[in-house]
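This report refers to the structure that appears directly beneath it.
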Amino acid sequence: MKPIEITDANFQKEVLESSVPVLVDFWAVWCGPCKMIAPVVEEIAGEYDGRLKVGKVDVDNNPEVPLKYGIRSIPTLMIFKGGNVVEQIIGAVPKRNLLDKVTPHVAAV
């Protein structure tokens, strides 16, 4: 399961109206740390398939959403639940750190 592409146009539907928590990765093609964390984000997408939606927002092509949420540095990952931000992680952090933030918001199997 790969992360879905989230855009300014589909953010409302894919993230704010999602029935499951959503991990959103704000990134850009030129961002080195974004490339470092991308495989970890993909692993989480696979491991939590069905319980967590994982998406990526390219900040260069979709300026409205990052502006709305005050994204100043990338990678920034946000967890949305019920349309609200419940966690924010800035920088390329180890998978364990990400899971520590994600797990409390995801339903157990």
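Coordinate-derived values only; no laboratory data. Quantities reported herein were computed from a predicted structural model and do not represent experimental measurements. Ideal geometry is used to build each Cβ from the backbone, glycine not excepted, and the neighbour counts take in all protein chains shown.
The residues Leu77, Leu16, when put in order of fewest to most other Cβ atoms within 10 Å, stand as Leu16, Leu77. Residues in segment 28-43 carry Karplus couplings, in order, of 8, 4, 7, 8, x, x, 5, 5, 5, 8, 3, x, 5, 4, 5, 4 Hz; the curve used is 6.51 cos²θ - 1.76 cosθ + 1.60 with θ = phi - 60°, and Gly or Pro positions show x.
Report Rg/Rh for segment 4-105, rounded to two decimals, where Rg is the Cα radius of gyration and Rh the Kirkwood radius.
Details: Rg = 12.2 Å, Rh = 13.3 Å.
For segment 4-105, the value is 0.91.
Summing Cβ point charges (Lys, Arg +1; Asp, Glu -1) relative to the Cα centre of segment 4-105 gives a dipole of roughly 300 debye. Work out the charge dipole of the chain with +1 on the Cβ of Lys and Arg and -1 on the Cβ of Asp and Glu about the Cα centre, then indicate which of Tyr69, Asn97, Val40 is farthest towards its positive end. After comparing all options, I get Asn97.
Adding -39500 (n - 2.57) for every DSSP H run of four residues or longer, then dividing by how many residues the chain holds, sets the calculated 222 nm ellipticity at -7500 deg cm²/dmol.
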